[in-house]
1. Given H placed on each backbone N at 1.01 Å, which residues far from Asp228 in sequence or on other chains put an amide H within less than 5 Å of it?
2. Based on the alpha-carbon gyration tensor of the range 134-208 and its eigenvalue square roots a ≥ b ≥ c, which shape applies: rounded if a/c is under 1.5, prolate if not and a/b is larger than b/c, or oblate?
3. Amide H to amide H under 5 Å from Val364: which residues, 5+ apart in sequence or cross-chain, H placed 1.01 Å off N in plane?
4. Using DSSP to define loop residues, name the trypsin sites (Lys or Arg not before Pro) in the range 108-146 whose beta-carbon has at most 14 other beta-carbon atoms within 10 Å.
5. In whole Hz, what ³J(HN,Hα) sequence does the range 142-157 give by Karplus (6.51, -1.76, 1.60; θ = phi - 60°), x for Gly and Pro?
6. Please list, in order along the range 202-216, the HN-Hα scalar couplings obtained from phi with the Karplus expression 6.51 cos²θ - 1.76 cosθ + 1.60 (θ = phi - 60°), rounded to whole Hz, x for Gly and Pro.
7. Please list, in order along the range 6-18, the HN-Hα scalar couplings obtained from phi with the Karplus expression 6.51 cos²θ - 1.76 cosθ + 1.60 (θ = phi - 60°), rounded to whole Hz, x for Gly and Pro.
8. Please list the non-local residues whose amide H lies under 5 Å from the amide H of Met130, H modeled 1.01 Å from N, same-chain partners needing a gap of 5 or more.
Amino acid sequence: MPIDFRYAARSDVGLVRAENQDSGYAGPHLLVVADGMGGHAGGDIASSTVIGHLVQLDDDAPGGGDSADELAAAIATANRELGRIIGERPELTGMGTTVTALLRSRNKLLVAHIGDSRAYLWRDGVLGRMTTDHSFVQTLIDQGRITPEQASTHPQRSLVTRVLTGAPRDVPDVGAREAIAGDRYLVCSDGLSGFVADDTIAEILATGTPDQAADTLVELALRAGAPDNVTLIVADVVDSTSGDLPSVSPQIVGAARLSPAGTRALRETPAAKAAALSRALGLDEERESVEKLALAEEKPSTRRGRVLKFLAALAALAVVVAGGSYAAYAWSQRQFFVGASAGKVTIFRGVADNLGPITLSTPVTVTDIAVADLPETYQTIVENRVTAADRADADARVADLRAQAQACIKARARNQACGSGGTAYPSSGSTTARSTTARSTTATSTTATSPTATSTSPSATTASSSSATHSSAAHSSGSASHSSSASGTSR
């Protein structure tokens, strides 16, 4: 039975981070999520570089038995490229990325995985994990030292033991399984799996279209606080002969969508070239209407006519760009977020980004709440900025922060330690604050004794029956950064 993918890809920066370091790609034969790390300057480069190398596998005529080798080779090439970039730009030392990729080769599905991003399979009403996290807490689970439930609140749950960093030892697990019509796959970063429970994910995957499921899962992650970037792909396996229409246009999301490597890769994929060829041949409705108009003229095109049409097209494009830019700016000025200005908690109008020299946000209310009076966890949240649904939501968040600051001031007056904000953040759900610098690829040594996590040889990935159940409330007591003597990557 010939099969195809019908898919939807989504990525959201989350409620705490200022930039998106995740990247995702969904095409007719390839689904891949990469969660970058390494601070403000490196994570987005790492994840988008990997996407740029893997999209070439999204071929209209996938190979046979050598496809697994091709997938492993593409990841190895991407990893060498990371090493080359780090060698040329020492300031990026420490950057890296997870990779979880599904490559369809006829009716076989190849799985490549390194890091703590995940792939799930929903089949016959049961959700199964296709990958095993390469993380410190997973090592403890495998050794029987903690349970999956305990892993969700472990202070070192953010430590990953294997990712792509440009080192030759960074080799993913590669396996294969049969793809069956009716299967639904989810590939996601830990921005989803770390804050939405597996049983909740199963409920969402059980109904709706890939687009509907993807939108709902992102929304749930945001409701849970979403301190990390959230990137996911939902893909259905459909019978090509049954009338179910597959997806044909590739989708690229997150950092790769904005990077030169990502946009170039998207243009160069076989699927994208086919779509461009289809448009060039007049196979889409808009193009067909233009071609019909041209035929109705019943006269050959002259050089002067072509020049006039070209100038008219440029003028129309300028109007569209200007109008679109104004609309985008107008939209941005209806957004609000809470951040810091001159050491005070401040409500801003706009978005927390700049367009070249143009600042897209302005402070509208500078409160009397000193950021230094907040618990350390809340200081990190405010410094990384908190998105609000509207002005009323921003006011509510400020009220919450004021209560935290007052409680902290009273505690310090009694010579008591100020709390770390263990209660779930009222307006955005429970959060685990992670500073940008906490996503460093060097684990800091502590006095805690923990085994050294070692890379294992590539093996076939299988559905795990010991999936950790992560509830959003379980993450409300996290610290801003974690360290371990394990050989791994602190994220």
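Here, each number is a calculation from the coordinates, and none is a lab measurement. All figures in this text were calculated on a predicted structure; none of them were measured in a lab. Cβ placement follows ideal geometry from the backbone for every residue including glycine, while neighbour counts extend to all protein chains displayed.
1. Distant-sequence amide H within range of Asp228: Leu15.
2. Cα axes put the range 134-208 in the oblate bin.
3. Ile347, Phe348, Arg349
4. Filter output for the range 108-146: Arg145.
5. Using θ = phi - 60°, the values come out as 4, 7, x, 7, 9, 9, x, 5, 5, 4, 5, 10, 5, x, 10, 5 Hz.
6. 4, 4, 6, 5, 6, 9, x, 7, x, 4, 5, 5, 4, 4, 5
7. With the stated coefficients, the range 6-18 comes to 10, 9, 8, 10, 9, 8, 9, 5, x, 9, 10, 6, 8 Hz.
8. Hits under the 5 Å cutoff: Ala119, Tyr120, Leu121, Ser464.
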